[in-house]
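Remarks on the structure that follows.
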Amino acid sequence: MSQQEIKTPALVLSTLPYEDHKLIAHLYTRELGRLSFIVSGPKRRRYFQRGALLNIRFYYKPQREVQRLIEADWLALYENLHHEVALMPYLLLMLEVLNQILLAPDEALFDFVVEGFLTLDKASDPEAVLKSFLTQIIGRMGGESTSLPMDWAQIEAHLAALIPNWRPLKTLSIISNLSLSLHDRQS
């Protein structure tokens with residue numbers, strides 16, 4: 001069986017516990033698209049927070065469902081996104097959407113997604129930033145491009161129309177409740 005050593009930037013989409021001190025990490029890599037990895041050991045596991053931007057090195061075997069990770073290091077560190085509770089719902093919603101759409105390798109899309117996370121990390125209005133990002137994603141995927149601001153229901157309807165087997169967004173209820181709470185405080 002041939003294997004190729006690959007070094008590429010990656011985004012941690014999700015993780016699942018696996019055996020003692022291991023996890024399965026689903027990553028979207030710049031070079032090969034969506035891949036799964038077994039991550040073992042506490043030193044390595046600390047890198048695999050949902051939404052983390054990493055540089056990874058691994059042995060790639062196309063016939064394997066789960067790849068063998070050699071090393072991981074930070075591509076970028078967030079100042080706020082993993083540390084500010086108020087940003088967590090936006091991070092989770094962004095990841096829930098990306099988990100459904102990021103499959104095939106697309107270097108330009110990968111770079112756009114990384115820029116989206118870094119912008120959200122520094123956003124003073126995370127809701128507006130995330131809505132803009134998702135609207136642009138819709139356009140990049142061939143959906144109707146619009147300069148008008150869309151509400152959450154419109155964004156999800158556009159995504160559902162574009163993505164086969166779309167699953168309704170669960171995290172959207174958190175964002176909606178957060179928006180209502182902020183609106184009530186301002187009134």
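Taken together, the values in this text are just the output of simple stated rules run on the coordinates, not laboratory data. Keep in mind the model is a prediction, meaning the values are calculated, not measured. Note that we place each Cβ from the backbone using ideal geometry, even for glycine, and neighbour counts take in every protein chain shown.
Quick rundown of the values:
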| quantity | calculated |
| --- | --- |
| In sequence order, calculated HN-Hα J values of region 77-84 (Karplus, 6.51, -1.76, 1.60; Hz; x Gly/Pro) | 10, 7, 7, 10, 4, 8, 10, 9 |
| Inter-site label distance for LYS122 and THR146 at 7 Å from Cα along Cβ, in nm | 2.9 |
| Relative contact order (%) - region 4-76, alpha-carbon pairs under 8 angstrom, separation at least six | 33 |
| Highest average packing first - 28-36, 122-130, Cβ atoms within 10 Å | 28-36, 122-130 |
| Gain in span if fully extended, ASN55 to SER176, counting 0.36 nm per residue against the direct Cα distance | 40.2 nm |
| Segment ALA161-ARG68, length gained on full extension (0.36 nm per residue, minus Cα span) | 29.9 nm |
| Relative contact order %, region 27-127, counting alpha carbon pairs below 8 Å whose residues are six or more apart | 33 |
| Structure-derived Rg/Rh (Cα atoms, Kirkwood Rh) - corresponding label in (1) 1.11; (2) 0.93; (3) 0.99 | (3) |
| Percentage, to the nearest whole number, of Cα pairs in region 22-89 over 19 Å apart | 34 |
| Relative contact order (percent, whole number), the chain, Cα cutoff 8 Å, 6+ residue spacing | 18 |
